[in-house]
Amino acid sequence: MIAWSVCSLPLTVLFYWLSKRINRRRPGLLFSPAVLTPAAVIGVLAVSGLPYEVYIENASILHEMLGVVTVAFAVPLYRNWPILAANWQIIILSLAAGSLVSIIAGVSTTMLVGLGETAAISVIPRSVTMPIAVSLSQAIGGVPSLTAVFCMLTSYAGVFMAPMIIKRCALNRPESIGLMYGMGAHVLGMVKAFERGDLAGSSSTLAVIAGALISVVWVFLLLPAIQMWLA
Amino acid sequence: MKKWLQAIPQMLLLLLFSWLGKTVAAVFHLHVPGSLIGMMLLFVALQAGWVRLTWVEAGAALLFGEMILFFVPTIVGIVQVPWLLGTKGLLVLLVVLSGTALVMVSTGVIAERLHRMREGKRRDCVERV
C-alpha cells in the first residue's frame, strides 16, 4: 500500500510521457493523452486497490500546477492586449452574452434532465478553460472532477460542431469565428482558430482568457439566484 | 535540455505570482480563485514593465505545452462519479452538446452583427464627409 502511494506521481508522469508518444504515432481523440493517461492511472488504482484520496494527496503537486498555468495566461493576454483594446466593446459584449448563455443553459438543462444539484453547480464553469474552471468549481462548491469532464466534453463538442455553426450562421469575419471558437471550445478551439489565420487565433486566445474572467463575474453575480432556485 | 534550463526559473517566477494571488485572496477573504488574482497581478506587472515578457515567456510556453499532465489527477477523480458511465452519462452528453451549440451561436452571431454595425457606421461617416 505504502509503495503504491509513493509511486503515484512518478507513475502519472510516466503514463503521460508514454501516452504522448502513442498519440504522436496514432493521432485521434481516443488516443489523446487527456484520455489515455487518466485511463491508465484509473487502471492502476483499480488493480492496486489504492484509494483515490491517497492518490490525489500524493499527486497534489500536479494539481497545484494548474494554478501556475492559470497565472501563465497573463502572457497571451498581454501579447494580444492591443487587439482587445481596439475592439473591446465587441469582444466584451459577445463574450458576456456567450458566457451568460453557457451558465443559464448549463444549469437549466442539467436540472431538466434530472442530473441533480451537484451536477448543476459543477456544470456552471464548463465553458471556461479547464485550469480556471477547476478552481472556480472548487470555489462555488462543485465537484472539480465532474467539471473537468464537462470541460473536456465541451471542448470536443465545440470543435465538432463549429464548422456547421459557421456555415449555418454565415459567420465570415475571422474575429467572430475566433471569438466563437474560444468561448465555445476553449483550448482545443484555439488550435482550430489558429488554422484560420492569426487574427482568428488571437481573437480566440482573447476569448479564452477574457471569457474566463467574464464568466467569473457572472458566476458570482448569479450564484445566489442559482442556489436559491436549486434549493 | 536548454529549453528546460531557461523555463524552470521562469516557472518559479510564475509560481511566485500564483502564491501572491492566493495570499491576496486569503488575506482579503475573496471567493475568487487566487490563481486568477495571480494572473491579473502578473498582467499588471507586465503592462507596467516591472516584469519583462522575456522573463516569463518560455516558462508559460512550456506550461501550456504540458498542460494535460496537470489535469490528470482531476480527471482521475471521475472514479468518484460512477454514474457518469451509465445512461446518465448520455444525458451529460445531451447537456454539453446543446449548451455548447447555444454558446457558440450566441457568441459568434453577436460578434458578427456588432462588427457589421461598426463597419456600417464607419461607412456613414465617410459618406457624410
Flagged pairs (Cβ under 7 angstrom, 6 or more apart or on separate chains; first in the range B:62-91, more than 7 Å from chain A (Cβ to nearest Cβ) and touching a residue at least 40 places away in the same chain (Cβ under 8 Å); second polar (S, T, N, Q) and not in a helix (DSSP H, G or I)) are none
Would you confirm, using the coordinates I've provided, whether A:K192 is farther than 25 Å from A:A85 by Cα, open to solvent by 10 Å² or more (accessible area, probe 1.4 Å) and basic (K, R)? no
Is it true that B:L36 is more than 9 Å from chain A (Cβ to nearest Cβ) and closer than 18 Å to A:V217 by Cβ? no
Does the range A:155-167 contain at least one residue that is among the basic types (K, R) and more than 7 Å from chain B (Cβ to nearest Cβ)? yes
Determine the pairs where a residue that is in contact (Cβ under 8 Å) with a residue 24 or more places away in the chain and within 9 Å of another protein chain (Cβ to nearest Cβ), located within the range A:38-61, has a partner that is among the β-branched types (V, I, T) and buried (at least 17 other Cβ atoms within 10 Å of the Cβ) with Cβ atoms under 7 Å apart, the partner being 6 or more residues away or on another chain. A:V41/A:T12; A:V41/B:V72; A:V41/B:V76; A:Y55/B:V76; A:A59/A:T12
Are there helices (runs of 4 or more DSSP H) fully within the range B:1-94 with at least 3 residues that are more than 30 Å from A:V113 (Cα to Cα) and either open to solvent by 50 Å² or more (accessible area, probe 1.4 Å) or of a type in the set (S, T, Y) (or both)? List them. B:2-27, B:34-48, B:53-65
A:S204 meets each of (1) free of Cβ contacts under 8 Å to residues at least 24 places away in the same chain; (2) part of a helix (DSSP H, G or I) with one exception, condition (1)
So in the range A:64-78, with the set limited to residues that are in a helix (DSSP H, G or I) and touching a residue at least 60 places away in the same chain (Cβ under 8 Å), which one is surrounded by the fewest Cβ atoms within 10 Å (Cβ to Cβ)? A:P76
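The values are calculated or read from the model by the stated rules, or taken from the named source; none is laboratory data. Small disclaimer: the values here were computed from a predicted structure and weren't measured. All Cβ positions, glycine included, derive from the backbone under ideal geometry; neighbour counts span all protein chains shown. Ligands, DNA and RNA are stripped out before the accessible areas are found, and what is left, the full protein with its side chains, is counted by its heavy atoms. Shrake-Rupley method; radii C 1.70, N 1.55, O 1.52, S 1.80 Å.
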